[in-house]
Amino acid sequence: MCRRSNDVMRTLIDELVLKVSNAGSETNLADAMAYVTRQLDFDHFALSYQHHGLSSTETDFLLHDYPAPWAQTYVEFDLAGNDPIRRACERSMMGFLWCELDDLVPMSPGDRRMLSVGRANGIGDGYTVPRHLPGYASGSCTFALRPDRVMPRPMLPVAEIVGAFALTTARRLAGESPIIARPVLSPRQRECVLWSARGKTAADIATILSIGEDTVIQHLRTARERYDVHSRNALILCALFDGLISFADIRRWWYFH
């Protein structure tokens with residue numbers, strides 16, 4: 001019985017992956033996602049992809065079949081910038097249930113009001129599959145339920161796999177923006193930026209690297225100029241998004257010191 005169940009699940013995965021992968025247009029993909037949503041026993045879907053950071057323009061891709069009142073409210077009140085689900089996408093390596101948001105990100109009263117408004121407009125619980133590459137691209141595939149529905153938990157592994165393939169198709173259909181050259185920093189400039197990200201002052205960095213404080217100040221000034229930013233925090237953010245330094249570089253040092 002278990003083997004037969006596994007065979008049925010694999011067959012379903014193969015069918016749904018093929019359907020979203022073969023979509024040749026946004027219309028085809030929207031139709032495929034609507035079909036997938038029904039097969040997984042969900043009510044709605046939302047598929048988004050954004051290429052950003054290293055290109056001269058941003059490429060946005062968004063498909064959904066959310067109830068019109070909720071979609072209109074989301075856009076009119078510009079809720080995307082305060083969406084806890086979007087924030088949680090940057091904190092999870094795999095799909096997550098919306099009821100798990102408290103475990104992923106701090107939830108403010110405004111976040112809870114937003115989810116409450118969503119429920120009032122026909123969107124209850126959901127399952128979101130994230131893909132996030134800092135400084136380059138981000139995307140998510142969400143399957144949502146009406147407020148009166150129970151989460152189809154046996155289907156979540158299928159949603160995870162199919163969602164990942166749907167995002168790959170979204171990326172293909174969105175295309176890629178022209179890449180512009182990254183700023184180039186010298187090894188010493190990178191070291192100064194890294195120690196600055198770890199909270200060290202120019203005087204601290206000078207002592208650590210055995211160079212003059214004026215030299216450190218000049219290295220950081222040059223780095224800001226190359227990134228065309230005017231503050232220490234903006235420089236650190238740019239370096240993180242660009243992959244010049246990593247969160248692990250910073251957190252590991254904090255942990256051991």
Checklist entry - Mind listing which trypsin sites (Lys or Arg not before Pro) in the range 87-146 are in a DSSP loop and have 12 or fewer other Cβ atoms within 10 Å? => result none
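By average Cβ neighbour count within 10 Å, what is the ranking of 191-200, 143-152 from highest down?
Highest-to-lowest ranking by the protection proxy: 191-200, 143-152.
Below 8 Å between Cα atoms, with a sequence gap of 6+, how large is the relative contact order for the chain in percent?
Details: 347 pairs, mean separation 54.9, N = 257.
With pairs under 8 Å counted, the relative contact order is 21 percent.
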Checklist outcome for this item: Expressed in square angstrom to the nearest 10, the accessible area of residue 51 with a 1.4 Å probe stands at 0 Å²
Item to check | Percent RCO, i.e. relative contact order, over the range 187-256, from Cα pairs under 8 Å lying at least 6 residues apart | outcome: 36 percent
Next on the checklist: What is the percent carbon and sulfur in the accessible area of the range 126-257, measuring with a 1.4 Å probe over the protein chains and ignoring ligands?
Outcome noted: 58 percent
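What does the accessible area per residue of the chain come to in Å², with a 1.4 Å probe and no ligands, DNA or RNA counted?
Numbers: 14460 Å² over 257 residues.
It amounts to 56 Å² per residue over the chain.
With a/c under 1.5 counting as rounded, go ahead and sort the chain into rounded, prolate or oblate using the C-alpha gyration tensor (a ≥ b ≥ c being the square roots of the eigenvalues; past the cut-off, prolate if a/b is larger than b/c, else oblate). Before the final figure, lay out each step's value.
Details: a/c = 2.22, a/b = 2.08, b/c = 1.07.
Cα axes put the chain in the prolate bin.
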Checklist entry - So what does residue 70 come to for accessible area, using a 1.4 Å probe and Å² rounded to 10? => result 20 Å²
Next on the checklist: What figure, in Å² to the nearest 10, do you get for the accessible area of residue 221 with a 1.4 Å probe and non-protein molecules left out?
Outcome noted: 90 Å²
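The values are calculated or read from the model by the stated rules, or taken from the named source; none is laboratory data. Everything numeric here is computed off the predicted structure, so don't read it as measured data. Note that each Cβ is placed from the backbone with ideal geometry, even for glycine, and that neighbours are counted across all protein chains shown. All accessible areas refer to the heavy atoms of the entire protein, side chains included, with ligands and DNA or RNA removed. Shrake-Rupley method; radii C 1.70, N 1.55, O 1.52, S 1.80 Å.
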